Structures are given as C-alpha cells and as structure tokens.
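Report on the following structure.
The values are calculated or read from the model by the stated rules, or taken from the named source; none is laboratory data. Note that the structure is predicted; figures quoted are calculated from it, not measured. Cβ atoms come from the backbone with ideal geometry, glycine included; neighbour counts cover every protein chain shown. Each accessible area value is taken on the protein alone, full model and side chains, heavy atoms only, with ligands, DNA and RNA left out. Shrake-Rupley method; radii C 1.70, N 1.55, O 1.52, S 1.80 Å.
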Amino acid sequence: MQLNFACTQCGRCCQNHRVPLSVHEATAWLRRGGDVHLLCDAIAWPAEPAQGDAPAQYRRQRSFAAASGALPVRVGVILAASFPGRCPHLMGDKRCSIYAERPLVCRIYPASINPFEPLGAEFKASKACPPEAWDAHGPAFARAGQLVDAATLPLIDEARRRAVQEMPAKQRLCDALGIRVAAMANEGFAVHQPARAELLAALQQCSDSDGGAAADSPPGHWQLLSPQPQTLQILHEVGAQAQHAHQAAGLAVEYLDLHAPTP
Ligand code: SF4
Ligand code: SF4
C-alpha cells in the first residue's frame, strides 16, 4: 500500500491524546504547569528470547527486569503528557504555542515510532488526521509498507535511541516514586498520577543519578492488573501477584483498557 500525506493543520492530533515524552520533555512540560502521568505495562519474561526475535529484543531494550511474585517480568514505562480535551498549548487558531520546543512525538505524528506497526489501512484509520490529509497528490509518506518521509525518519531514529537510553532513569523513577503496579502488556496500562511537585523532584533526582542501568535496585514485587479472568488465572497459576483491573483504584492507579470500546 502506498500512502501520501500532507498535514491540513486541523489540530485534531492535539486533542484527546496522551503525548509520550522523554525525561527532559516531561520535566519541561511539568515546569510549564502541565500534568504528566506514568503508564506502566509488563510482560511475562520466563527466559531470554533468541537474538533473531526482533519484536522481543525491541521490547527488551525498552523495559527493565522485575518480578511479580515468582514470575519474572519486564516492565515498560511511558511518561505521557495528559490533558482532557485540548492540549493546553493548542491556541485558538490551532497553532502550537510551544512549536519550536514541542515534543518529538508531536513532530513525528502521524508516523509511528513502533517499527512493527504495519503502514496500511488500519494505521490510517487509527490516526486523527482527516481523509483529505491522505490525498494521493500529497508528498510520499510510505511505499511498500516502509516510511519514506525523509524529514521524519531521523526524528524516529532519535525517538527510538532515546527510549532505550532512558530506561535506567525510568526504572529509578519507579523506585523513587514507589511505583509497583503494571498492567499486562497489550491489554492496557496502569496509569500513575503523582503530584506535579513530587514528580518534578523525582525526575530531577533520577535524571541526575549516575551509573547507567539501575541493575542493583531490587526487582520488587510488582502487582499485575488484567481485566481478563483467563489471564488472571494463568498469572496466579505461575505464582504472580495479580489483581483484577477493576481493583486498580484500591492500588491508587487508574486502569487504561486498550480494548475498551471508544465512546
Ligand atoms: S505540544 Fe503543541 S503540537 Fe504537541 S499536542 Fe500540544 S499543541 Fe499539539
Ligand atoms: S491530525 Fe493530522 S492533519 Fe490534523 S494537524 Fe494533526 S498531523 Fe496534521
């Protein structure tokens, strides 16, 4: 499938979204008075995958080792700007008030950082862009399933590099904030919402910390959330600490269900 794309500057991608941020971007976002949440998910990791298993290696590089009861897991953490409705930086004329400093993800959209997301009809349908943005007369966006937009490719490389580089800081951040709840990957996310000042202080502390990987910190006893009775049953059988996603509120987190019907 070939895709052509030209942004219509409709501003739809600046509304009703969470914007993934780097550690540096999250700090800046908080300092401007915005809110940042931590989205945590986990995947069972009983053994190391083969070197040739590209999706598993990709996941491994973007997560840290932990444990839930007897079950080894890897935990992923996304720092995300969160706002109900419009982004606080979206102006009335649909321009971005922090355009020169906007997050990398805003510069990359509608392209995806995930190299395993097929660039087809489903990809197009999942984006906020109106149909006219995908007009065949627009600049080439993807050819034969590969992104060809020359301006975006280096930005994606940068986002991928940064995601790997920041994992130790994110592990330290979870330790500093006492975060120990994650949703099962591909089902949802546990959304942690620390107070702005607390998160700012923790980000400062964790990004200043020296020493690369936080390998010496204890793996912790992570609680896993799932809305699926079958998933919960399997997790309990392998000795994991798991709770129904409906009990997330009791753990002071929200559960974001990736498969909930769109209202
Ligand atoms: S920071 Fe700017 S580009 Fe990014 S979502 Fe907000 S208004 Fe849109
Ligand atoms: S939703 Fe798509 S077309 Fe509209 S401003 Fe965002 S990137 Fe451009």
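Check region 81-88 and report whether any residue there is of a type in the set (A, V, I, L, M) and within 16 Å of ligand 2 (Cβ to nearest atom).
Step one: filter region 81-88 for residues of a type in the set (A, V, I, L, M), giving 81.
Filter once more, keeping what is within 16 Å of ligand 2 (Cβ to nearest atom): 81.
Scanning region 81-88, I find at least one residue that is of a type in the set (A, V, I, L, M) and within 16 Å of ligand 2 (Cβ to nearest atom), so the answer is yes.
Going through (1) open to solvent by less than 30 Å² (accessible area, probe 1.4 Å); (2) closer than 23 Å to Phe83 by Cβ; (3) within 16 Å of ligand 2 (Cβ to nearest atom) one by one, Lys170 falls short only on (3). When Ala67 is tested against (1) more than 26 Å from Ala182 (Cβ to Cβ); (2) part of a strand (DSSP E or B), exactly one condition is not met: (1).
The single condition among (1) in a loop (DSSP other than H, G, I, E, B); (2) more than 16 Å from ligand 1 (Cβ to nearest atom); (3) closer than 22 Å to His17 by Cα; (4) touching a strand residue (DSSP E or B) at 6+ places or on another chain (Cβ under 9 Å) that Ala111 does not satisfy is (2). Within region 2-34, the set of residues being outside any helix (DSSP H, G or I) and basic (Lys, Arg) comprises Arg18, Arg32. Applying the set (1) within 17 Å of the chain's Cα centre (by Cα); (2) open to solvent by 40 Å² or more (accessible area, probe 1.4 Å) to Ala81 leaves exactly one unmet item: (2).
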